[in-house]
Each structure stands twice: as structure tokens, then as C-alpha cells.
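Some notes on the structure that comes next.
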Amino acid sequence: MKDLVFSILNIFKYVGRIFSFIRNTFVNIILIILVLFFTITVFTSGPADIPNNSILKLSLTGDIVEERRTTSAFESFLNESLSGQESPSYMVLQDILDLIETAAFDPAIENILLDLKDLGKIGLDQMQTIGHSLEIFKHQNKKVFAAEDFYTQKQYYLASYADTIILNPMGGVELHGLGLYPLYFKDALDKLQVNYHIFRVGTYKSAIEPITRNSMSDEARSQNLHWLSTLWNTYTQDVARQRGLTTQTLNDYINNIDVLLAETKGDTAKLALDNRLVDLVLTREELTSHLEMKTGSRSEASIVSTSDYLSHIEPSYTESDDDQPQIGIIVAEGNIVGGKQPAGIIGSDSLTERLRSARTNKMIKGVVLRINSGGGSAFASEIIRQEILELKKAGKPVVVSMGSMAASGGYWISANADQIWASPVTLTGSIGIFGAIPTFENSLAHLGIHSDGVGTTPLSAGINLTRPLAPAVKASIQLTVNNGYNRFLDIVEQGRKIDKEQMPSIAEGRVFSGKTAKDLGLVDNLGSLNEAIDAVATLAGLHEFSPIYINRKLSVREELIQSFSTSISAFLPGLISSTPALGLYRELREQFGNLFLTSDPNGVYAHALLPLLD
């Protein structure tokens with residue numbers, strides 16, 4: 001009997017080994033196939049030739065960012081397919097500019113067809129820059145077409161640069177103006193019995209209002225309306241100029257939408273056509289025929305995708321002449337926090353590492369710091385500023401080029417640059433700081449949980465989120481915030497040579513457009529990244545030079561992801577969702593991410609709650 005049992009057990013043991021062998025073999029075969037697929041795709045598939053008389057379908061998909069990130073299209077596809085969570089894609093602004101400007105002088109490309117349906121977040125200055133590139137394309141006697149089923153406000157701005165705007169008969173043009181409507185959590189926090197301790201300086205420092213109020217303060221309302229009006233005036237002036245309209249026409253279209261729509265019996269496409277917002281109303285089949293007629297080519301056969309054309313071109317600022325001095329370009333985009341962070345977040349250690357690399361590289365003679373940030377940790381901002389000072393001590397000029405925003409902590413790290421360049425619609429300033437620490441003693445007590453104990457000093461508990469803040473701790477934090485604010489004012493005074501007597505009118509958290517900031521002396525010049533590059537070259541005394549990106553060092557994993565991403569992205573469907581539920585999710589995620597910051601060792605933040613166009 002014993003032998004029989006052992007025999008049966010041995011049978012199961014060998015069967016188990018066989019199954020393990022089969023399983024491992026199967027997994028290894030699949031892995032080998034995947035590796036071979038990626039290797040062949042990455043290293044052997046060359047770009048196909050572009051036929052003459054082609055149309056470049058310029059697909060602007062996802063958020064428009066300044067810095068390349070490492071989440072692959074394949075990874076996003078798997079994440080969204082398996083978890084059901086939103087994984088928005090992105091495009092790098094410089095890639096878009098390279099595509100358009102290369103196509104402008106490519107004899108094989110005759111026209112551009114704008115594809116804007118999956119456009120994500122984008123700044124007005126980014127849209128202006130893309131529009132300028134489209135104008136360069138048109139100046140080469142080439143045509144730009146925009147054809148969508150429906151145009152949102154940001155999509156329509158870019159479409160206005162097209163020679164012909166085409167709309168589906170069931171579509172429309174959504175214009176509504178610019179607004180800022182953050183969510184406010186005070187009542188919710190009160191119901192949860194969360195005790196938020198707020199420490200701030202600055203009447204206009206409104207980033208903290210969502211947790212202290214249920215509505216926007218009068219001060220915040222006033223300043224927000226001012227910069228929103230500046231941006232909206234720019235939007236309407238640009239669109240009116242491109243379309244040969246007046247700004248009054250655009251504003252009337254919005255303000256009298258109900259009356260105008262009644263005249264067309266609810267036909268939104270006819271409304272857009274009657275108001276000259278679009279040129280043609282065509283079905284998709286009619287659109288195909290129209291493009292064939294206008295371009296003299298079979299449209300489907302001659303359309304070149306964005307990903308295919310991108311594989312043909314050499315990205316700007318990535319190659320340098322070894323014999324020429326270099327201008328380093330460093331992108332600082334996202335919230336400012338401590339430590340090493342991935343692209344899309346400004347980590348103090350990550351950014352200072354690149355600044356230090358520029359300082360020690362003998363070929364780099366100056367640096368352009370491209371900033372797109374609403375701020376974050378005051379401590380991390382100061383660490384970055386200190387490294388910028390070291391770069392200047394090494395005799396290398398530093399010029400800041402501001403993107404959509406460079407406010408609060410973003411301005412903190414800008415102030416000591418030799419020059420600051422911004423676009424007229426950059427959001428900047430917000431000179432002010434705050435501290436915010438929640439404690440949950442009341443929430444826990446409501447659940448029947450209490451904290452008690454002993455310590456060697458009255459401050460032994462420190463900042464313990466389960467206990468009330470000691471009066472001495474609260475007083476100390478407020479003193480730290482006051483000191484940080486005064487330090488911020490000193491940095492601006494010394495860096496921008498602004499008399500301290502002027503500070504009350506430009507500080508206390510006020511936000512300005514780039515144009516207003518220039519008038520106030522917070523910004524030196526209005527211009528693009530290219531003009532900032534030329535400016536730093538002039539400061540460095542260079543006549544010939546190579547601009548080159550100084551990128552964050554990638555891990556082996558990130559390098560593999562980035563290598564595979566470009567190759568397989570063309571095979572994956574667009575995954576950007578515009579459902580209201582996901583829109584609400586994104587809004588909550590971003591606001592909570594900005595409000596409940598935990599990375600500053602002093603709990604002190606220089607942060608501005610400013611939006612991109614979404």
C-alpha cells in the first residue's frame with residue numbers, strides 16, 4: 001500500500017514537472033516572439049518613400065507637452081485595456097513644429113490636413129507657435145485644410161489657420177470664452193472633520209482657497225478675470241485676423257447663441273457657415289471628393305500619417321556639430337517637487353543634475369531653461385535656483401524661456417536668469433507662498449479613535465497628523481512662511497532689479513500675462529524659444545553654435561520603453577476619451593494633486609492654481 005501511494009505521488013510529481021516544462025517553454029516562446037517582433041520593428045523597418053503630391057495628415061493627439069516622456073503607447077494601451085483607467089497620450093511641441101516646418105520645404109508634401117479630434121490640453125502660447133509654423137507652410141504656396149465633425153474652442157483656434165475649414169452637416173463650432181471654475185472642498189473637509197491648518201502670505205494667493213472656502217474670493221475673482229480677459233482678447237483677435245472677421249462677430253456668436261440658433265432652427269452647422277466660421281459643410285464622403293479635386297490626387301492613397309512622416313525627419317536640437325560650441329536647452333515642466341522625478345515633473349535633484357552637467361561640459365557655453373510650471377515646493381525651487389547661480393558663476397549665461405506658465409515656484413527659479421523671455425500670453429508672477437497641513441484628530445475621534453501619550457518636551461509629537469498642532473508649531477510654521485515670502489521678494493528684487501517699494505503692487509500672489517509682466521519688469525522680452533536661444537548665444541559672444549537638448553538620464557527600462565514606443569504607436573488606436581465622467585476624474589485628480597502636496601520638508605509651497613486649455 002505504501003509503495004502504491006509513493007507511485008501515485010511520483011506520477012503527480014512528474015506530471016507537475018511536465019506541466020511546468022510546457023508552461024515555461026510556452027512563456028519563453030512568447031517572450032522570444034515579442035522580442036523578435038520589437039527588434040525587427042525597431043531596427044529593420046525603414047521609413048517608406050513619400051510619394052509626390054502628398055497630403056500630411058497632421059494628427060495632434062493628446063496633451064501638448066514640452067518634454068518627451070517615457071510612457072509608451074503600448075504600455076498605455078495595456079493599462080487602459082486591462083484596468084479600464086484613462087491613460088492620456090501626449091505630443092511634444094517641438095515634434096509638431098518640426099513636422100510642419102520640414103513639410104513646408106519638402107517638395108513631396110503639397111498640403112496639410114489638420115486632424116484635431118483627439119487634441120488634449122494645450123496652452124494658448126503653444127497654439128500660437130503651431131499657428132506660426134502653419135503660416136510658414138502656407139507661405140510656400142501650400143494649402144492647409146481643417147476638416148472635423150465638430151470643433152471645440154481650442155480645436156477651432158488651430159483650424160482658423162487653415163485656408164479652408166470644413167464641417168460635417170451634423171457638427172458645429174463650440175465657442176464659449178475662457179473661464180476658471182475650480183472645485184472648492186471646505187464643506188466636504190468640514191463634514192469629514194479634517195482640521196486644515198493654513199499659513200500664507202499674499203492677498204491674491206488663491207491656490208489655497210479651494211480648501212479654505214466654498215467659493216472664489218473677490219480678490220481672486222478680480223485678478224483671474226483680468227488675465228482671462230487678456231488671453232480671451234488674444235484668442236479672438238488671432239481668430240478674427242485669420243478668418244477675416246471682427247472680434248465683435250465672435251463675441252456675438254457666443255453671447256447671442258440662442259437667438260442665432262433659433263434663426264437656423266437649431267442647425268449648428270448652418271449657424272457656423274452663416275457666421276463665416278467655416279467655409280464648407282460636407283459629409284465625410286463629400287470631403288474625400290473635395291480633397292481629391294483640390295489636391296489633384298487620390299486622397300486616401302496620398303495621405304501621409306504623422307507617425308510615418310515623423311520617422312523621416314531629424315528632430316531639432318538633438319544633433320550637434322562637435323567642432324562648434326553648444327547652447328544647452330533644458331526643459332523644466334510640471335509641478336516642482338524634491339528628489340529625482342520622471343519627465344513631466346520637475347524634481348529638484350533631476351533638474352540640478354542637468355544644470356550641473358551643463359556647468360561642467362566645456363562645449364556648452366550657455367543655457368536656455370524652458371519653463372512650463374505653476375510651481376510647487378518652495379524648498380525644491382530654491383535648490384534649483386542655487387544651481388542656476390552656480391552656472392552663472394561659471395561664466396555661462398542663463399536665459400529663461402517661459403512657456404504657457406512660469407508662475408510662483410516657476411518664477412522663483414526664473415528670477416536670477418540673465419534674461420527672461422515669455423510669450424504675450426504666458427501666465428507668470430504669482431509671487432507668494434503658503435503652507436497647508438491637515439490633521440485628522442477630529443475625524444479619528446468621530447470614529448472612536450484617539451491619540452494619547454507622553455513626550456520629553458511640549459513639541460515631542462512634532463507634526464503628527466493624528467493630533468492637533470501645538471501653538472508653538474503653528475507659530476513657527478507661520479514665521480517660516482513669512483521668511484520664505486520675504487526671501488522670494490529679495491530674490492525678485494535682486495534678480496530683476498525691481499525696487500522693493502514696487503513689490504506690493506506686483507507680489508502677494510498676483511498673476512500676470514507675459515505682456516503685462518514685461519511692462520512691470522518681471523519679464524525682459526517677449527518672444528519664442530528660438531529667440532531665447534539667440535539671446536543666450538549673444539550673451540555668450542557666439543556667432544556660430546549648435547543648440548542641443550540636455551535631457552534627463554533615462555534608466556535602461558525607460559530607454560527600452562522609449563525605443564519601442566515610436567515603432568508600435570502607429571499600430572494602436574487613439575485612446576483619448578472625452579466623456580464627462582473622465583473629464584471630472586481628471587479635474588479632481590489634478591486639483592487634489594496640486595492641493596495635497598507633501599514633498600516640501602517645511603510644508604511651504606510656491607504654487608499657482610492655473611489651467612491649460614482643455
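The values are calculated or read from the model by the stated rules, or taken from the named source; none is laboratory data. All of these numbers come straight from a predicted model, not from anything done at the bench. Note: ideal-geometry Cβ built from the backbone for every residue, glycine included; neighbour counts use all protein chains shown.
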In segment 527-555, anything surrounded by fewer than 15 Cβ atoms within 10 Å (Cβ to Cβ) and of a type in the set (Ser, Thr, Tyr) is listed as THR538, SER555
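Across segment 509-526, what is the number of residues that are crowded, with 18+ Cβ neighbours inside 10 Å and touching a helix residue (DSSP H, G or I) at 6+ places or on another chain (Cβ under 9 Å)? Show your work before the answer.
Just the residues of segment 509-526 that are crowded, with 18+ Cβ neighbours inside 10 Å, to begin with: 509-514, 516-518, 522-524.
Pick out the ones that are also touching a helix residue (DSSP H, G or I) at 6+ places or on another chain (Cβ under 9 Å) and you get 509-514, 516-517, 522-524.
Qualifying residue count for the region: 11.
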Residue count, segment 357-389 (criterion: charged (D, E, K, R) and under 26 Å from THR428 (Cα atoms)) | 4
Tell me, which residue of segment 317-333 that is modelled with pLDDT of 95 or more and over 13 Å from ALA537 (Cβ atoms) is surrounded by the most Cβ atoms within 10 Å (Cβ to Cβ)?
-> VAL331
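Pick out, from segment 200-278, the helices (runs of 4 or more DSSP H) lying fully within it that include 3 or more residues that are within 30 Å of GLY375 (Cα to Cα) and within 28 Å of the chain's Cα centre (by Cα). Steps first, answer last, please.
On the way: elements: 209-212, 218-243, 247-255, 257-263, 268-274.
It comes to 209-212, 218-243.
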In segment 258-275, what residues are among the β-branched types (Val, Ile, Thr) and crowded, with 17+ Cβ neighbours inside 10 Å?
-> THR268
Scan of segment 319-334 for residues that are farther than 20 Å from ASN372 by Cα and part of a loop (DSSP other than H, G, I, E, B), ordered by number = GLU319, SER320, ASP321, ASP322, ASP323, GLN324, PRO325
In segment 400-423, the residues that are part of a strand (DSSP E or B) and surrounded by fewer than 24 Cβ atoms within 10 Å (Cβ to Cβ) | GLN419
Log entry, pairs with first residue in segment 225-244 being closer than 17 Å to LYS515 by Cβ, second being surrounded by fewer than 14 Cβ atoms within 10 Å (Cβ to Cβ), beta carbons closer than 8 Å, six or more apart or on different chains, reads LEU228/GLY179
Those residues of segment 167-199 which are among the aromatic types (Phe, Trp, Tyr) and assigned to a loop (DSSP other than H, G, I, E, B) amount to TYR181, TYR184, PHE185
Is there a residue being aliphatic (A, V, I, L, M), on the phi < 0 side of the Ramachandran plot, surrounded by 16 or more Cβ atoms within 10 Å (Cβ to Cβ) and touching a residue at least 24 places away in the same chain (Cβ under 8 Å) anywhere in segment 475-486?
-> yes
Hey, can you tell me all the residues within segment 178-197 that are farther than 16 Å from SER217 by Cα, exposed (fewer than 15 other Cβ atoms within 10 Å of the Cβ) and touching a residue at least 60 places away in the same chain (Cβ under 8 Å)?
-> LEU192, GLN193
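Are there any helices (runs of 4 or more DSSP H) wholly within segment 52-148 with 1 or more residues that are at pLDDT below 95 and farther than 21 Å from GLN242 by Cβ, and if so which? Even if it seems obvious, please write down each step before you answer.
Working: elements: 73-83, 93-104, 124-138.
Helices (runs of 4 or more DSSP H) meeting the threshold: 73-83.
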Search result, residues across segment 110-153 that are touching a Phe, Trp or Tyr at 6+ places or on another chain (Cβ under 6 Å) and either surrounded by fewer than 20 Cβ atoms within 10 Å (Cβ to Cβ) or touching a residue at least 60 places away in the same chain (Cβ under 8 Å) (or both) = LEU113, MET127, GLY131
ASP190: at negative phi and either among the small types (Gly, Ala, Ser) or over 23 Å from the mean Cα position of the chain (by Cα) (or both), yes or no?
-> yes
For segment 453-499, how many residues meet the condition of being touching an Asp or Glu at 6+ places or on another chain (Cβ under 8 Å) and more than 30 Å from ASP524 (Cβ to Cβ)?
-> 3
Determine if segment 108-126 includes at least one residue that is over 24 Å from the mean Cα position of the chain (by Cα), among the β-branched types (Val, Ile, Thr) and closer than 21 Å to TYR253 by Cβ.
-> no
Determine if segment 251-267 includes at least one residue that is outside the structural domain of GLN155 (by TED's automatic domain parsing) and closer than 30 Å to GLU110 by Cα.
-> no
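Can you spot a residue in segment 365-382 that is more than 20 Å from the chain's Cα centre (by Cα), among the basic types (Lys, Arg) and not in a strand (DSSP E or B)? Talk me through it step by step, then tell me what you get.
Kept after step one, since they are more than 20 Å from the chain's Cα centre (by Cα), are these residues of segment 365-382: 365-367, 378-379, 382.
Pick out the ones that are also among the basic types (Lys, Arg) and you get 365.
Now restrict to residues that are not in a strand (DSSP E or B): none.
No, because not a single residue in segment 365-382 is more than 20 Å from the chain's Cα centre (by Cα), among the basic types (Lys, Arg) and not in a strand (DSSP E or B).
Condition check ((1) crowded, with 16+ Cβ neighbours inside 10 Å; (2) closer than 24 Å to SER423 by Cα; (3) at pLDDT below 95; (4) polar (S, T, N, Q)) across all residues:
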residue	(1), (2), (3), (4)
GLN341	yes, no, yes, yes
THR360	no, no, no, yes
GLY366	yes, yes, no, no
LEU369	yes, yes, no, no
GLU382	yes, no, no, no
ILE388	yes, yes, no, no
